[in-house]
Amino acid sequence: MKRIITITALLIAVFIAGSCTKDVTKLPQNAATVNTYFQTSKDITSALSGMYGSFLSTMVSTGGTNGGGSNNYFAWGETRSDNFAPSGYPTTATENINNNAILNNNASADWAGLYQTISRANLNIANIPNVPKYDNTVTQTAVNTAMAQCYAMRAECYFYIARVWGGGPMWTAPYLDPNSPGIKPRVSEQVLIDSVIIPDLNKAYALIPKSQQPTVWYIGEGAICAIAADVYMWRAGAPVASAPNGPVSGPIGGLSDYQTAITWIQRLFLSRAPSGTGPAYAGTSAANIESTATWKNVFLNPPSSLEAIWSLNWDETVNGCACIPISIQNSNNPYRVDGGLYVNWPLNTADIRVKQTFDPTVTGTAAGTHTLKYFNVANEAALTATIGGAISFNVYAVMNRLSDVYLTYAEALNQTGDLPNALKYLNFIHQRAGLPAILASAVPNTATMQAAILQERQWELFAEGKRWFDLVRTNTVSAVMSPILVGRGFAPFTDLNKDYWPISITAINANGLLTQNYNYH
Amino acid sequence: MEKICTQNFLKPGKRSASGLTAFRLLLMIPVLLLMFSASLYAQSAIKITGTIVDNKGEPVIGATIKVKGTTIATAADVNGKYTISVPNAQAVLVFSYIGLTSKEETVGNRTSINVTLADNSTSLNEVIVTGYGGTVAKRDLTGSIGTVDAAAIKERQPVTLEDALEGQVAGVLVENDNGDPAGTGTITIRGMGTLNSGAGPLYVIDGVINTDANFLNPADIASIEVLKDAASAAIYGSRAANGVIIITTKHGVEGKPTVNASYTHLWGVIAHALPTLSAEQAREYRAKDKNVNATLGGGNLDSVNHYLNADNNFEELLLRTANKNTYNVAISGGQKGMTYYTGLNYIDDQSIVINSYIKRVQTTINVSYQPSDKFKVDNNLSFAYQTGNTIPLGTTIQQIYERNPFISIYLPSGGLAAYNESKRNPVAYAMEQTNQAKTYLGQYNTALTYSILPELKWTSSFNIKFSNLSTQTFTPTAIQTSSLGGNATDLGGTTSDIKVEWQLQSFLNYIHVFAKYHTLKLTGGFSRENSQDNSSSIGDTNYLSELVFTSNVGTLNPSTGTNPTITNATGFSTESLFGRVEYNYKERYILTGTVRRDGSSRFGPENKWGNFFGTGIAWRFSDEPFMAWAKKWLDDGKLRASIGTLGNDQLSNNYAFINQIAFGASNGLSSYAGNTTAALFYNLGNPIIKWESTTSTNIGIDLTTLKGRVTFTPEYYIKNTNNLFYTANLPEETGARTTAVNVGAIHNTGAEFTLTGEPIVSKNFTWLISANLTLQKPATVTELAGGVPFYPTGNSTSSPYYIYQGGHIGDFFVLKNQGIYQYDVSNNYAVNGDRLTPVGVSANGTAAASFLDNGVPYTGVRHSLQRNGAVLKGGEVIWQDTNNDGTIDNSDKVIDGNATPKTYWGVTNTFTYKHFMLTFTVNAQFGNKVYNGMANTQQADVANSTYSFPTPDFLNNTWHQQGDIAKYAAITYKDTNGDISNGINSFYVEDGSFIRLASAKLTYNLDPKFASRIFARSVSIYVYGDNLLTWANYTGFDPEFSTLGVNNALTPGFDNGNYPKRREGGIGVNISF
């Protein structure tokens, strides 16, 4: 009996010891947690990469043959414009983009990628200032450089949201608890520009160390200025909706915005280019941009280009094929160069840009389906010779470059009445392309100058995600697009409310406070 | 501890005969006879002789004959004959044999006693395992437990657990994948009760908790218990919400070793081949529907061109007769204090698709060691190894039906062409692509049982399970192509997924009988569980040799893209405390109660612990005095009811409670400009996520009549799942995508009927029948997150499913296809939405003289339906304009059928005539729909590509010109106006009902006298077959298949072209020594 008691006692002891509940807690094994991150300089680097990566995958992505997709660099900025038309292999989504018949289920109508980038910027802005508390090797300059990029990136994302949808909900702090309210109504384009975009760019400019040599893949001093100039140019001219779901009316700003744009561009001229040890962009002559012979350098090798400001980095070994929807990698791209441009531009035989942009000799269904600009391929024949290797080409989408800034500068000067200087900067680009200088007599007034600059922008910046916004900004959508759409058998582009995209049905389903854009009901 | 063991081992305590099993006695017979025979003879002993047979008249070799209350015992010889001496005429002889009902006979003045022992497999005295050392006589159950025993498994000849369970238990829906050699299937107990992962039942194998029972050889199973109601399963609290399947493997018994060996060979062919186009028909299609030039087969072909004059029958090229060999050996036995069982199984299955096979070795070793009455150690070791080559269905099977039959699949050089006219050559893919999976599995379980007091038993067990799934994939250059048509580089990869799981359990069982009629059983204990999963994947390209697959031969792939090089790790742990009380009075009033407290690492600090309760009562009304009048025909009648709550912690992610900073590929892009990305994980952590719980109520009656020959059990259940796990979409503007939330509820209800009977039992002929029937309603979603509906796959346009408050899981959400417009002018509708019949249609089909609305002339305002911005023409699909707004879009989608069977049943008949035995199982499902995605996809491919071919049905029923009455839209319209509507077209929602002769087996048991000549105890030979006959209306391969993939709980019944089932026939032999 004694033994039984002993054993029982022993067992009960084992039992209790075993059930003495050690807390059943496990932490992720392949991830850090928010509380344990942002403690070293490496963490800053990776968190910034996360932000840029999100932006990159929103703008350019692999497997883009299904059009829209997340190749929004093209969907938002290019393929709605007169630069592109449906190829022989369009999808419903891509055709709708070309033909001003965008539905609310179009993948590119979804702003999720931009808001993801914004949320990463918000998390970084909230946490990066604390890093020096944990890692004393992290200097205030390093923190400021990182913070400036986060503010500028947030501004850039909201700038897209403003331009593509006419405003959206405004989030300036990270959202971390799913039990807190996650839905917010949209704010108008004007509120976004005035309350977030411009203040963020000002903060970014204030924080960024001046006259430092930047890396072209990241937002530097020059990029901040270029974005700000673009924002003011947009503010000056684009018809916008004053309420999130209301009709569009005139622009928010006016002449003073052109002046502010000029100020930002002049600040940009003081900043340094990413390439080599050279001086600031200067912005005084054609010597500051790529030469005629090396025009394509800024696309093929931005770090070595003296006119590069900010390009998106693509690494095929990590990201896979940069199969953008106008790329050379696919035989059945959904888009082709629009017939008008494809026929008319090559008539200008002296323009060195034509054959470096696409191969005008191709006929039949493949005509214009391959944009060569981003690739080191001379023509379609050379392309055929690269079979098998084509998928390994990288695409470095240009966000900002000095030639773009020159033309913007010319436009702003023109709008503020300085025609001689406007023509000077226009001719830097025009002549670099191998064309004879435009004479002042050919562009005697603001309107003709504006038209010449816009034409130059179309050629120079083809497939760089600018054209559509240029058309909206200069209020020329209807004039340019209507004949093209009618030619394709569609209604003319008369409703300027359709400058905006519809709000994605996915976004509306998840946020009951969102309202659909005007005339998209 | 060790000291105790040693003491007990050296000094075995007193043991009473009553405490020993018959088999232990058998072992002791020689000893006992030596010890006692002399003295017994001295006391005027009576010598008794006789024969023991079973109810088929077969001698029961080795049956035990024991004199009750003494140690005198003997065993029957090979003829079933025995001789025993008893002390006096009052002596009682006890005849027993495992699997047969024991019988007692008082000697009296007899000297010859012949007995027949009845089979006890249908007896209510069968003992049911209830978990954690608990057992209960089947007649005393309060909950709902379905059982399948070893005998039933043996008759089914199963390969997987799913085979063994199919059609056997009411309320258990088994969707079998028995065509795929590596396939398993899915088991759903009492309807779908969750929206998330973890919809499958919990498996408890010899007391060890598992999430699956893969690699368990059904031949090693002694019994399967399916705990269907919450009160039964509540002891397993966590993760038991979808039911529990308790599997007990075979153990040895003391006595001479038994060797059981069997061999079967099985042939299989595709059970339901689908028609394909011949070369002639294919050319006709090209000319008629695609209108393409002669070189593509649209006109006269060059008759001497090899390339264009093939007549490929891809079904013949790709499929073959399967051959499966199964070898099984089991050795068991034991001696005093020790028993063992060893099972070894080898399967070599060369399946019906060329180059697809599996080879599997499984072994189980169970050793029990009992040094004393009080102390026992059970050890179990299992190993399994499986290797096989699986064929990617997308690039092979599905392609059979849409590939060009008149273009050669060979290159002029004689090799297989990678592409067969711009489309992958399925034969080349099947032959050249490597997709080899190897699985290693090892499990060790040890359990110590110690009887502290005669009434109190302590058990502690430790189990560790290791598994490694490794795959080797390789696509050679020859069948790789780039998007521009040339050869691209080869691509391969090796993956390894290592899981280590351990469990520790310790519990006490107490049984106390007081005041004669009161029985009290108590169980209490705790368990800990830990699971760790580490996986790695190495991808390579540019292999220098296509014969060597190690990474040094190629170039390592980066961490993203196809076949990435990555490693990963995840794990979880749980802790539980549990208790159970069982009380019964005279076995007439029975009460059980269970409680369990579970902690899971999958929840945050606030909601880690969940409490689960269950209770059941049973009332054996047939024992009441007032029921005496029915005693003649009602042997046993019991009413039972139970209610309980169970939990589920199987979130789709082990760390859904915390905000993670994810690295690399989970962020979309793994790096930017050479720097790895870090970002907030898109699945936001929800700190208050908590247990999903299921409350189920069960009411049942167990009736046994006609002297135990018929048992009937009707049952009714209501199952409500609350706090459903659901991956909620967050507003995009937050930057996060999803979060795990508890929201909503699902309601399931159903009725089950189980009937077993022995209509004929005679000396030479017996007929046993076992049948079950389940009636259920598709799971109803009674509550959802703020009432917001969602689409389980894709969006409102593309999803064939729609989950909304008040809807059912498995509802198909499609556009209603009402046929094909005969003429352009047929697309005219009255204001009220009626489709008008045009009269006097012009030759070009665009105008009509007048219109009729249901036979009545209509002159009012007419409108035509539009889709995708175009007016639908003749030869396009007539979609139902549900909202009558003139435009066909998402808002016209309707619920059209449900994938859940409303009724399913299974009947097993066993006939025995002398040495022959015939068993067959028929099972059926009714009331469910299946979406024939494979046919719809084929149609979409045909529309999109010049190089895909349609079904023969399409060829004969497609629209070509104004006035054609057709089933299929004109192919020239492609899908521009949504005529194909892949995945959302009601034309492809088909009847999924079927009746199937699932298995049949005819066995001849060799007369034991003959068997003994080859020193065998028994020899049986048999022919058998699986999936022999199926009656179904479904036009795809088979309406029964398991739905794989993420969210599978929400997307049942979508047939994307599964591995086709095979019809199998085989022979086998079983010998035991």
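The values are calculated or read from the model by the stated rules, or taken from the named source; none is laboratory data. Predicted, not measured: the structure shown is a model, and the values here were computed from it. Don't worry about glycine lacking a Cβ; one is built from the backbone with ideal geometry, like all the others, and counts go over all protein chains shown. With ligands, DNA and RNA removed, areas are computed over all heavy atoms of the protein, side chains included. Shrake-Rupley method; radii C 1.70, N 1.55, O 1.52, S 1.80 Å.
Tell me the per residue accessible area of chain B using a 1.4 Å probe; a whole number in Å² is fine. List each step's numbers first, then the result.
Values: 42190 Å² over 1073 residues.
Here the residues of chain B average 39 Å² of exposed surface.
Within the full protein context, the accessible area of A:Glu95 is estimated at about 70 Å² for a probe radius of 1.4 Å. Here the protein assembly as shown exposes an accessible surface that is 58 percent carbon and sulfur, computed with a 1.4 Å probe and the other protein chains kept in place.
In this simple spin-label model, placing a label point 7 Å from the Cα along the Cα-to-Cβ direction at both B:Val92 and B:Val839 gives a separation of 9.4 nm. Derived scalar couplings between HN and Hα for segment B:103-108 equal 9, 10, 9, 7, 5, x Hz in order, rounded to whole Hz, by the Karplus curve 6.51 cos²θ - 1.76 cosθ + 1.60 (θ = phi - 60°), x for Gly and Pro. The spacing between segment A:506-521 and segment A:305-367, judged by their C-alpha centroids, is 35 Å. If the limit is 32 Å between Cα atoms, which of B:Lys138/B:Lys763; B:Lys374/B:Lys690; B:Lys638/B:Lys1001; B:Lys138/B:Lys376; A:Lys26/B:Lys521 go over it? Among B:Lys138/B:Lys763; B:Lys374/B:Lys690; B:Lys638/B:Lys1001; B:Lys138/B:Lys376; A:Lys26/B:Lys521, the Cα-Cα distance tops 32 Å for B:Lys374/B:Lys690; B:Lys638/B:Lys1001; A:Lys26/B:Lys521. For segment A:229-268 and segment B:707-722, what is the centre-to-centre distance using only Cα atoms, to the nearest Å? With segment A:229-268 and segment B:707-722 each reduced to a Cα centre, they are spaced 74 Å. Reducing segment B:544-601 and segment B:258-290 to their Cα centroids gives an inter-centroid distance of 37 Å. Per-peptide packing, taken as the mean over residues of other Cβ atoms within 10 Å, places B:544-552, A:338-346 in the sequence A:338-346, B:544-552 from highest down. Using R0 = 60 Å, the C-beta based FRET efficiency linking A:Ala451 and A:Thr141 works out to 0.85. For B:Ser762, the solvent-accessible surface with a 1.4 Å probe is about 50 Å², rounded to the nearest 10.
How do the peptides B:675-684, B:975-984, A:257-266 rank, highest first, by the average count of neighbouring beta carbon atoms within 10 Å per residue? Let's see the in-between values first.
Values: B:675-684: 24.2, B:975-984: 22.4, A:257-266: 20.3.
Put in order of decreasing packing, that is B:675-684, B:975-984, A:257-266.
For B:Ile701, the solvent-accessible surface with a 1.4 Å probe is about 60 Å², rounded to the nearest 10.
Note on chain A: with charges restricted to the Cβ of Lys and Arg (+1) and Asp and Glu (-1), its dipole about the Cα centre is near 1200 debye. Going from the chain on its own to the full set of protein chains, segment A:150-188 has these residues losing 50 Å² or more of accessible surface (heavy atoms, 1.4 Å probe, no ligands, DNA or RNA): A:Tyr175, A:Leu176, A:Pro178, A:Asn179.
Taking 0.36 nm per residue of separation and subtracting the current Cα-Cα distance, fully stretching the chain between B:Ala118 and B:Lys336 would add 75.7 nm. Taking every DSSP bridge with both residues inside the protein assembly as shown, close to 95 percent are antiparallel. Coupling constants for segment A:98-110 follow from the phi torsions by the Karplus curve (6.51 cos²θ - 1.76 cosθ + 1.60, θ = phi - 60°), and in residue order they are 4, 9, 6, 10, 6, 9, 6, 9, 5, 4, 7, 7, 8 Hz; glycine and proline get x. With the helix formula -39500 (n - 2.57) applied to DSSP H stretches of n ≥ 4, chain A reaches a computed 222 nm mean residue ellipticity of -13500 deg cm²/dmol. Shielding by partners for peptide A:53-59, expressed as the average number of C-beta atoms from other protein chains within 10 Å of each residue's C-beta, is 5. Label positions at B:Ala151 and A:Thr263, each projected 7 Å from the Cα along the C-beta direction, are separated by 9.6 nm. A cut-off of 5 Å between modelled amide H atoms, ignoring neighbours fewer than 5 places along the same chain, links B:Asn210 with B:Tyr203, B:Val204, B:Ile205. From the backbone phi of segment A:116-130, what are the Karplus-calculated ³J(HN,Hα) couplings (6.51 cos²θ - 1.76 cosθ + 1.60, θ = phi - 60°) in whole Hz, Gly and Pro given as x? For segment A:116-130, the Karplus-derived couplings read 5, 5, 4, 5, 5, 4, 4, 5, 5, 4, 6, 10, 4, x, 8 Hz, x marking Gly and Pro.
Calculate how large, on average over all directions, the projected area of the Cα convex hull of the protein assembly as shown is; give the answer in nm² to one decimal.
67.7 nm²
Across peptide A:29-42, the mean count of Cβ atoms from other chains lying within 10 Å of each residue's own Cβ comes to 5. Nearest 10 degrees, 0 to 90: what angle lies between the long axis of helix B:933-944 and the longest principal axis of chain B (Cα atoms)? For B:933-944 against chain B, the angle is about 20 degrees. Please determine, in degrees from 0 to 90 and to the nearest 10, the orientation of helix B:22-42 with respect to the longest principal axis defined by the Cα atoms of chain B, where the helix direction is its Cα long axis. The angle comes out near 20 degrees.
Ranking of A:Arg401, B:Arg110 by solvent-accessible surface, largest first: B:Arg110, A:Arg401 (1.4 Å probe, protein heavy atoms only, all chains present). Partner aspartates and glutamates whose Cα lies under 12 Å from the Cα of B:Lys816, excluding those fewer than 8 positions away in the same chain, are identified as B:Asp881, B:Asp889, B:Asp892, B:Asp896, B:Asp979. For the pair B:Val377 and B:His518, what calculated FRET efficiency results from E = 1/(1 + (r/R0)^6), where r is the Cβ-Cβ distance and R0 = 35 Å, to the nearest 0.05? The computed FRET efficiency comes out at 0.60. For B:Lys438, the aspartates and glutamates whose Cα comes closer than 12 Å to its Cα, not counting residues fewer than 8 places off in the same chain, are B:Asp497.
Interface area, chains A and B: about 6200 Å² of buried accessible surface, summed, with a 1.4 Å probe and ligands, DNA and RNA left out. Of all aspartates and glutamates in the structure, the ones whose alpha carbon falls short of 19 Å from that of A:Lys203, not counting any fewer than 8 places away in one chain, are A:Glu156, A:Asp194, A:Glu221, A:Asp230, A:Asp257. The base-10 log of I(q)/I(0) for segment B:635-747, evaluated at q = 0.17 Å⁻¹, reads -0.88 [Debye formula, identical scatterers on Cα atoms, solvent excluded].
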